[in-house]
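Nothing in this text is a laboratory measurement; each read-out follows from the coordinates by a stated rule. From a predicted model like this one, the values you see are computed outputs, not experimental measurements. Note that each Cβ is placed from the backbone with ideal geometry, even for glycine, and that neighbours are counted across all protein chains shown.
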Amino acid sequence: MRWDELAGDDCPIARTLSVIGDRWSALILRDALRGVTRFDGFQARLGCSREMVSRRLANLVEAGVLERKAYQAHPERFDYLPTDKARALGHVLMMMAQWGEAWLPTPTSRPLERRHRACGHSFKPTLVCSECLAPLEPGGVDYPGSPALSSRIDLDGD
């Protein structure tokens, strides 16, 4: 499958990757959710080329993940603000960060502290069933009737 075909794929993971599947888009989204809004801020934090930042911002705006709002007319400059789509992807990035902490530690890295604003407690992100609130364990989810996925995804290798 070609990269430009992912957006039309039956698999929701492939469609999601069509938006944030390259490293720069995911990192721009991370920074936008942390309060970076301006082109120069993204470029300085990422250290990649201005052209790369420009292309990725345009893609994220086109996908409805970021909203572009002018803050200066001459020269024309824009803020890039997270939309509801971006905020929803924040949960995905949080789970990716937790996976990286567990499986790709570095000698100098330490786990992120996450504090729930509503109750003030530190927490570890978990996935739970929306119906019974039990934790979702690897290998414990079926996908019956899904044309894009096998009937069971065996995440624990059994």
Open item on the list: How big is the dipole moment of the chain about its Cα centre under a simple scheme where the beta carbon of each Lys and Arg is +1, that of each Asp and Glu is -1, and everything else is neutral? Debye, nearest 20, please.
Closed with: 900
Open item on the list: Among ALA63, VAL36, TRP24, which residue has its Cα furthest toward the positive end of the charge dipole of the chain, with +1 on Lys/Arg Cβ and -1 on Asp/Glu Cβ?
Closed with: VAL36
Open item on the list: What does the charge count around LEU112 come to, taking other residues whose C-beta lies under 14 Å from its C-beta (Lys +1, Arg +1, Asp -1, Glu -1)?
Closed with: +4
Task: Option label - mean projected area of the Cα convex hull in nm² computed here, alternatives (1) 23.9; (2) 13.0; (3) 9.7 - done: (2)
TODO: Quick one: angle between helix 50-62 and the longest Cα principal axis of the chain, in degrees between 0 and 90, rounded to 10, please.
DONE: 60
- [ ] Starting from the Cα-Cα distance between PHE123 and ARG38, subtract it from 0.36 nm times their residue separation and give me the gain in nm to one decimal.
- [x] 27.6 nm
TODO: Can you pull the one-decimal nm distance between simple spin-label points at ARG15 and ALA63, each 7 Å off the Cα toward Cβ?
DONE: 1.3
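What is the calculated FRET efficiency for MET96 to TYR71, with r their C-beta to C-beta distance and R₀ = 41 Å, to the nearest 0.05? Walk me through the numbers before you get to the answer.
Working: r = 30 Å, r/R0 = 0.74.
That pair, MET96 with TYR71, gives E of 0.85.
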Task: MRE, 222 nm, helices only [DSSP H, n ≥ 4, -39500 (n - 2.57), over the chain, to nearest 500] - done: -12000 deg cm²/dmol
TODO: Give the residues of the range 58-75 whose amide nitrogen is closer than 14 Å to a point set 7 Å from the Cα of ASP22 in the direction of its Cβ.
DONE: 58-63
Open item on the list: Test of understanding: ordering HIS74, HIS91 by Cβ neighbours within 10 Å, fewest first, what list do you get?
Closed with: HIS74, HIS91
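Would you work out the relative contact order for the chain, in percent, from Cα pairs under 8 angstrom that are 6 or more residues apart? Please list the in-between numbers first.
Values: 153 pairs, mean separation 21.9, N = 158.
Once normalised by length, the contact order is 14 percent.
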